[in-house]
Amino acid sequence: MTFRRTLSVCGRLTLLVAAAGCARRALNAPAAAVEPAAPATDGRALLVGVTVYLNLGEAYQLRGPANDVLLMKRLLIDKFSFSPENIVILSEEEGKKDPSKLPTRANIEREFTALGKSAHSGEQIVISMSGHGSQQPDRPDSKELKPDGMSEIFLPRDVGKWEDGKEAVANALLDHEVGHWLKPLQEAKASTWVVFDSCHSGTMTRGVNEVARKVPDDVLAVPREAVERARKRAAERNAASGTATRGGPAAKEPPITLASPGGVAALYACQPNEVTIERVPADSADAKSYGLLTYTINEVLNRSGSRPTYSELIQQVHNRYEALGRTAPTPMLEGGDRDREVLGQAVWKGRSRIEVKEGDAGLKITAGSLNGLTPGSVLAVYPPAGHGTADKPIGHVRVGKVGVYESAVEPCEYEKSPEPKRAELVGGRCEVVFVDYGDLRLRVAVDAADFGGKAVPEAERQKLTETLSVMEKDPKSLTRTAAGPADADWLVRWDAGRVYLQRASEWSAGRGEGKPASLFGPAEGGKTAEWLKASLEKIARAENLKRLTADSPEDGRGDDDASARIDVEVRLHKGEADAKGVPVDFARGLPAVYDGDVAKVHLNNTGHVPVDVTILYIDNGYGITSLFPDTSKNEDNRIPPGGTRVIRLDVNGQTLGAEHLVVIAVQGKGLNADFGSLEQPTIEEAKGSQKSRGRDDGRGLNSPLGKLLQNALYGEGGTRGVSRRHEANEYVLKCLTWKIEPGKRPGEGK
């Protein structure tokens, strides 16, 4: 259908806002680290990482939680100035030195109790729980009954099997137990941040480099009859109380039930009906597994030049998942402190903490993939404090091999600045001046199995592999052949003589038993190569647009009057009669939007310079449509300082899938900038053909941002990075995600 202001949307809609020159901050890495107003010596932490399960099989042992606790410890010490002696770690490694530090149920409960007894007002407390999660039936006499009849559980090291007499999994930590353990902290008015990086339902994953943090009911010997009885009791309670469910776990029910709403911000790795994973980060040279949520939290906070609120943090986690091409899991936020800044209230701007050091094999810097660094990026090196001119760089270094915490660098020439001597750089502090986005090509592999799990005929597999190889050789190619499915973004799948495309993360997340629910194809007979090329290029363009959006600097926090700024608010109106509407809350999971709802996007220019705005729409078929401005009506897309523009979006349930709204705002000067030329048809509409890139864009694609977009979307121009000094202030993007449900809003008719 034709997209204008009325959008056919059903699935996940991501709002991405790009603003010009919004903050004096490096792309992907902070130009200046944020320091707390005072050292957080009053902060304490309990970090639990369960890798060994004494009563479970080899398939259910984990590696990532051991790394999660160390990642969080380093974040708290380096970023938030926690004292090491105030951080308690319960893990297998710590338990080798002291058995009381093993992550058993008794040890976990003891440490929770100790925190509660000594907590006091104003104290910052962090609790991180990494390991397996599962569910068990509610006991009939329980005072903590869930709508679906199932309680979420966290599995400690000594978790056992189901015990009929107790109607419980031995030693499991129940959701309401953890909630009550948090109650003394809330009563003491301590500020508590809790991270649960575990699954609460789902299935085992299939990915080679991804492991699910979920243990199925049958492994814990939970009787199917007990589960069915609990769900039947829940259904009877719901019917008696008028509470309706659609079957399965209640997606909006928090995984952990907090004793009271205030004083806690709890971040969950996924919805109760989802699975989360641990994986080896694709951009890191360190071959270590981390929980997806824990790693991403660290990534966001290490990149941030200012302290986000917990609501903003969870939204930025959503953004990073989108940049990875992940449609699941869906992290969520619970608690009364959602609008508080992470571990504090005040923002304190300080000097960069990225430092040049001597490494075993040459120079290195104290920043890595968590800071958003990529191979080829360039940093200016300033003299150590008290040496030389503080605001004049002594030279530049280029990033080589990137690790999680550290990266190898080499002295280099940059913008007429000569290559410095190595000895001059040691001890210097760094600021990112150029971010190299590197290889933006889509990684594609041929799946060796069909929908039924049988091997694809070798001749067919070779033919498809050769097709990908030919595509990769094109100088403008947006794809490259991955080593295998575990390293791929997308998979080419053969089944019964037909060829399909499927997102690799969906296959690795265990949704591949039988024909997948969501995939593209099949290719038209005799046109497989043409269809694959056209479809993968469209996917790559849309994915790269989302990636650049998620990787851009933040806006609205700088104090430069010349910077462009844009604030975005989305208000949901329940039909025409609802004139006021309510702001969409993107923090707690995915807000639900239904057929017949009206969403209004309020674009507010809060800066001192005009901005030119383009709104693009990425649909679930990877089409890109320009919604604003409407050039056929000579619509002016320039918003003056203090001005507001409201864009109405009518929601209907005609399509399913992840869909994205992209708002690009650049500083308004001269000819209006318009990025509508990035339009492309959906995969199904294209039928293997290519659509032109539309109208002349004025100065849009001729800008530094435009040239980067051309390289990302069309493989042209060779511009694959952004100079922080001259270009990074020209745009910034945010992401807001919601889920549009099929059918009418409950209670409003069919």
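The values are calculated or read from the model by the stated rules, or taken from the named source; none is laboratory data. This structure is a prediction, so every number in the text was calculated from the model and none was measured. Note that each Cβ is placed from the backbone with ideal geometry, even for glycine, and that neighbours are counted across all protein chains shown.
Annotations
Every residue, every condition in (1) of a type in the set (D, E, K, R); (2) closer than 26 Å to R279 by Cα; (3) surrounded by fewer than 19 Cβ atoms within 10 Å (Cβ to Cβ), yes or no:
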position: V399; (1), (2), (3): no, yes, no
position: S417; (1), (2), (3): no, no, yes
position: A423; (1), (2), (3): no, no, yes
position: G452; (1), (2), (3): no, yes, yes
position: E458; (1), (2), (3): yes, no, yes
position: L478; (1), (2), (3): no, yes, no
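- First in region 81-105 and within 13 Å of L46 (Cα to Cα), second anywhere and assigned to a helix (DSSP H, G or I) and of a type in the set (G, A, S), Cβ under 8 Å, 6 or more apart: S91/A66; K101/G95; L102/G95; P103/G95
- Residue within region 322-329 that is among the hydrophobic types (A, V, I, L, M, F, W, C), closer than 20 Å to S130 by Cα and assigned to a loop (DSSP other than H, G, I, E, B) present: yes
- Output for region 349-366, where each listed residue is farther than 17 Å from C412 by Cα, at pLDDT 80 or above, touching an Asp or Glu at 6+ places or on another chain (Cβ under 9 Å) and not small (G, A, S): I354, T366
- Candidate set from region 540-574 (those that are hydrophobic (A, V, I, L, M, F, W, C) and in a helix (DSSP H, G or I)); member that is modelled with the lowest pLDDT: A550
- Boolean, E163 is assigned by TED's automatic domain parsing to the domain that holds I277, at pLDDT below 90, among the acidic types (D, E) and touching a Gly at 6+ places or on another chain (Cβ under 7 Å): no
- The one condition in (1) farther than 30 Å from H120 by Cα; (2) within 27 Å of the chain's Cα centre (by Cα); (3) modelled with pLDDT of 50 or more that K73 fails to fulfil: (1)
- Hits in region 425-448 (condition: surrounded by 17 or more Cβ atoms within 10 Å (Cβ to Cβ) and closer than 30 Å to K473 by Cβ): F434, V435, D436, Y437, L440, R441, L442, R443, V444, A445, V446, D447
- Set L324, L333: member being surrounded by fewer than 21 Cβ atoms within 10 Å (Cβ to Cβ) and either modelled with pLDDT of 65 or more or among the β-branched types (V, I, T) (or both): L324
- Taken together, the criteria exclude G643 from residues that are under 22 Å from R503 (Cβ atoms) and either in contact with a strand residue (DSSP E or B) (Cβ under 7 Å, 6 or more places away or on another chain) or free of Cβ contacts under 8 Å to residues at least 40 places away in the same chain (or both).
- The condition of being surrounded by fewer than 24 Cβ atoms within 10 Å (Cβ to Cβ) and either at pLDDT below 85 or touching a Phe, Trp or Tyr at 6+ places or on another chain (Cβ under 7 Å) (or both) holds for only one of V194, V227, that being V227.
- Tallying residues that are in a helix (DSSP H, G or I) and out of contact with any Pro (no Cβ under 7 Å at 6 or more places or on another chain) within region 57-89 yields 20.
- Search result, residues across region 613-642 that are among the acidic types (D, E) and under 30 Å from the mean Cα position of the chain (by Cα): D619
Let's see how each residue does on (1) touching a Ser or Thr at 6+ places or on another chain (Cβ under 8 Å); (2) in the same structural domain as T294 (by TED's automatic domain parsing); (3) part of a loop (DSSP other than H, G, I, E, B); (4) under 22 Å from D197 (Cβ atoms):
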position	(1), (2), (3), (4)
K96	no, yes, no, no
S100	no, yes, no, no
P103	yes, yes, yes, yes
A106	no, yes, no, yes
E111	no, yes, no, yes
L115	no, yes, no, yes
I125	yes, yes, no, yes
S128	yes, yes, no, yes
